[in-house]
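Computed from the coordinates by the stated procedures, all read-outs in this text should not be read as laboratory data. Note that the coordinates shown come from a computational prediction; the quantities given were computed from them, not determined experimentally. All Cβ positions, even for glycine, are placed from backbone atoms using ideal geometry, and neighbour counts span all protein chains on display.
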Amino acid sequence: MSQPSALSTNGLSRRKFMAGTVSAAAAAPLLASRAEATAPAAAQPKLRQPVITSLRINKQAYELSLDARTSLLDALRDHIGLTGTKKGCDHGQCGACTVLVDGKRVLSCLSFAVMNDGKDVTTIEGLASTDGKLHPMQQAFIDHDAFQCGYCTPGQIMSGIGCVNEGHAESENDIREYMSGNICRCAAYPNIVAAILQARGETKGA
Amino acid sequence: MDAAAPRPKENQGEPLPRVDARLKVTGQAHYPADLPTANLAYGALATSRIAKGRVTKLRLDDARAVPGLLDIVTYGDMDKVDKPKFGNSGATSIGPLHDRTIFHDGQIIALAVAETFEAAEEAAQLIRAEYEEEKPTASFDSPGTKTVAAAGKSPMFKEDVKAGDFDAAFAAAAVKIDQRYSTPTQHHNPIELFSTTAYWQGDQLVVHEPSQNVTGWKVELARQLKMDPANVRIVSPFIGGAFGSKGPMTPRTAIVAVAAKRLGRPVRCVTSRMQAFGTQTYRAETRHRIRIGAGKDGRITAFAHEGWEVTSRPDLYVVGGTSATGRMYGYGSVLTHVSLVQADRNTPGYMRSPPETPYVYALENAMDEMAVALGMDPVEFRRINEPKTEPIGKKPFSSRSLIQCYDQAAAAFGWAKRDPKVGAMRDGDWLVGMGCATAIYPSAVAPCAARVRLTSDGEVRVQCGSHEIGTGIRTVAGQMASERLGVAIDKISVEMGDSGLPPAPVSGGSISTASVCSAVLKACDAIRSKLFAAATAEGSPLAGSHNEEFDLADGKIVAKSGASAKVEDVMKIMQVGAIEEYAEFAPKGATPEALKKLYAGTPEFHGGEQDEDSVKYAFGAEFVEVRINRYTREIRVPRIVGAFAAGRIMNTRTARSQLMGGMIWGIGQALHEATEVDRRYARYVNRDLQDYLVPVNADIKDLQVILVPEVDHAVNPAGVKGLGELGNVGTAAAVASAVYHATGKRIRDLPIRIEQLLA
């Protein structure tokens, strides 16, 4: 079993942030009973205050008032209505939520929306040109039947573009390794590799 | 043509790209939790931290204090609703909020509903339960299990099949083995999370939820909520992987519906990955004892397969794969027995080839051991035991191309180059092993309805309440209409995944292509009949040529003589703008109630092992190469070849993809997948995708699928045998066989892990 490669989230990760707040809160009520001390503590009031966040998504500007705990993934899906980006685990373990932030692939479930203030986000909805022409990676996924149910597909396609742009698509083995953070439970893996090979050249130029 | 689009051979359809491919690569395919819903409230589940006992007190004050909290649904709030039923439409009979008894770890104890997802999650985590805890029974070998015979406990597992005098034959056999095998708990883990979105429009309830069974769920949910099924609608246009997990409805659906009613606004509950392990079904762990006796010539004279399967306390779920293993080869005598072992666990359920995956794994691993005991080539051993009729009822096979599959796969794999000596093949620091095994899956079919409309300008709409779980059912249903109506696929739209459409059976048991295509075929043929009748009527373009055969092509009715008439012109004569036909297909042997049962969400299955005239199975042969590092014992599968024969192939592209996915599932079953159970607490430990291992891209290298041509007119009008569950049967045994060949170690307990090879 190969471990999925960890993708960087810019700066502070959501996981670290959550861990920090939980341990800080859990340290205080030592006088409480054991049952209460081990239960998760209520969030600090400040965290519930809405935060105004500016995001640029698929070349369009959005200003959102969000609970500070809102992940970039939930902001896209629940607050903007861009449901092409999928939630498969909410723990950074499956890759279905992969988007590009300033051109690099990021797991949007592990990144708070507020951490992306002022950044450029590209989602699956932003790939095709306005005249409907598909991005070469999208077309290659169709040509090679690189999906079945299609649920992990937006994440695979965004990750595939990221993989090419990072220079990690130079060999089939590289593609397999650097695409292993995106789980496809239907297991279209050989077709995904073939699709990325096909789209590699045109993606570099895109 | 590239690998993804195999060139069609005899009785195989074109590798057309999926009709919904563009939606899927642009993010426009809407899975149930994506469907836009206004004024949505968010739900989050709170679940039990014990596996057995009672909830004595729930403290909700902290949860209620969370800003944005709207409601908490818990004990007492479901009293006016009927408890769930266990069966094909219901995952369990446990009504988690109907009483305070805890049957398993992770059982739902409350649903928190709030204005935002974040507030709902916070509130759910602040719900504090106090328990009266009892020591739970986790699994096999735990104190407190109860064992019962499986036969007759499920309508799908009526008996322990047997034939001849096993005891005498086994005692007299010249060569014999007696071995035990096991398979672990596994969870489907489709990448789409389980979710329910419910809203009410007056007395009408609409539910958006990924489902393999919208008609069954409509009826079962209406029963629980004491409603007319006509007022319940289940919407599931795209399903993000299912593998059986979305076949039966879970208790969550009614709870979310009640929450939406109480609030008077839509509620969506997306179950976390971790909670899914306890609130959905899973593949039961199984144990097997297999005895095989044969003569020195390799002919099997005695076969016994005993199975034990874990299930829950309240529900007797049966895996029961002896129906297939007992009929696989030409055994002289057969003895089988299946037992259920009840423990304090959630109820298991269907997971991709539910009976065959564990039972055929055990059989095929035993077959390999037997070949070794006989000193025979494993392919030759199977060839010798190829039967003319199945051994239980002495019925013929409607078609059986197993040997063709072995021959074609062996040739493509290069089996002849295998040195049969254990440990003889090496490549540097890697021990090389090669193994093979048989795949089998029953070819069943069920009643199905479909509506097809052909307009005068040549547009076709196909409507059928089946489910696009990734199999390509929309595409192949469209292809069937395209072929029968002579209309290009891009002029055809296919609507599925809505209980308001003509009912289809559950998308399980690999019945969908056969059932749906048979119904679409029937509707299209009714349209053809109307058109031909009108075209040949007096004064019509083809009048007088009624004794001829006709076809539809390119918007024209074409007679054998070459004379033709435009469909558009014939419809003008008929004074219609479109012809629409509603067809109900019932398989051969269906009871008089078969169609009524389809509408009631309890469709009959036919085919497989159940028909009088013959048994119906799809077969395959899989060959695997493993490489095992001589120092670390890391196991890799660099190469796998599978050849499969499954009657008519509607689309070689989607068929290959399904078989490929199945073979990779098989590799996962061999080497990766296992839900670990903490035996002290009867609790799943590795409840996420980091610790529940599934194959990733780097685990798979060369994979070849061969579609062996096969014609079978007996299976169903479409001539189709399902293949969605065929590919992952036998794979794990082929891997075990290859591991033995490389190392001399026979691994009988799945998954095969490094530690088993280190000792």
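If you keep only loop residues by DSSP, which GluC sites (Glu not before Pro) in segment B:553-651 have at most 10 other Cβ atoms within 10 Å of their Cβ?
B:612
Which loop trypsin sites (Lys or Arg not before Pro) in segment B:421-469, with loop taken from DSSP, have no more than 15 other Cβ atoms within 10 angstrom of their Cβ?
Those satisfying the criteria are B:421.
Can you give the convex hull volume of the alpha carbon atoms of segment B:460-538 per residue, in Å³?
86
Rounded if a/c is under 1.5, else prolate if a/b is larger than b/c, else oblate: which is segment B:564-673, with a ≥ b ≥ c the root eigenvalues of its Cα gyration tensor?
Prolate shape, in that a/c is at least 1.5 and a/b is the bigger ratio.
With the cut-off at 19 Å, tell me which of the pairs B:588/B:616; A:133/A:204; B:83/B:596; B:176/B:421; B:153/B:596; B:158/B:246 have Cα atoms farther apart than that.
From B:588/B:616; A:133/A:204; B:83/B:596; B:176/B:421; B:153/B:596; B:158/B:246, over 19 Å: B:83/B:596; B:176/B:421; B:153/B:596; B:158/B:246.
Please name which of B:270, B:58, B:411 has its Cα lying farthest along the dipole of chain B towards the positive end, using unit charges on Cβ (Lys, Arg +1; Asp, Glu -1) and the Cα centre as origin.
B:58
Once the other residues with Cβ under 11 Å from the Cβ of residue B:21 are scored (Lys, Arg +1; Asp, Glu -1), what is the net sum?
Taking every other residue near residue B:21 into account, the sum is +2.
When the gyration tensor of segment B:446-605 is built from Cα positions, what are the square roots of 5 times its three eigenvalues, in whole Å, from largest to smallest?
31, 16, 13
Using only the Cα atoms of segment A:129-171, build the gyration tensor, take square roots of its eigenvalues as a ≥ b ≥ c, and label the shape rounded, prolate or oblate: rounded if a/c is under 1.5, else prolate if a/b is larger than b/c, else oblate.
oblate
Over the alpha-carbon set of segment A:136-205, work out the extent along each principal axis and list the three values in angstrom, largest first.
29, 22, 16
For chain B, treating each Cα as an identical point scatterer without solvent, what Debye log10 I(q)/I(0) comes out at q = 0.06 1/Å?
Debye curve over Cα of chain B, log10 I(q)/I(0) at q = 0.06 Å⁻¹: -0.38.
Please report Rg (one decimal) and Dmax (integer) in Å for the Cα set of segment B:639-759.
Looking at segment B:639-759, its Cα Rg and Dmax stand at 17.5, 54 Å.
Where the centroid of each part is defined by its Cα atoms, how far is segment B:709-732 from segment B:479-518 in Å?
Here the answer is 18 Å between Cα centres.
Tell me, how many Å apart are the Cα centres for segment B:181-247 and for segment B:69-123?
First find each Cα centre; the distance between them is then 15 Å.
Treat the count of other C-beta atoms within 10 Å as a stand-in for reagent exposure and order B:336, B:196 from fewest to most.
B:336, B:196
Once every DSSP H run of n ≥ 4 in chain B is given -39500 (n - 2.57) and the sum is divided by its residues, what mean residue ellipticity at 222 nm do you get, rounded to the nearest 500 deg cm²/dmol?
-7500 deg cm²/dmol
Taking the beta-carbon count within 10 Å as an exposure proxy, list B:175, B:258 from fewest neighbours to most.
Least to most surrounded, the residues fall as B:175, B:258.
For the protein assembly as shown, which semi-axes, largest first and in whole Å, follow from the square roots of 5 times the eigenvalues of its Cα gyration tensor?
41, 37, 30
Quick one: dipole size for segment B:446-605, taken about the Cα centre, charges +1 on Lys/Arg Cβ and -1 on Asp/Glu Cβ, in debye to the nearest 20.
I would put it at about 200 debye.
Trypsin sites (Lys or Arg not before Pro), restricted to segment B:304-403: which are DSSP loop and have at most 15 other Cβ atoms within 10 Å?
Sparse-neighbourhood loop trypsin sites (Lys or Arg not before Pro): B:388, B:394.
Using Cα centres only, tell me the gap between segment B:8-60 and segment B:448-474 in whole Å.
22
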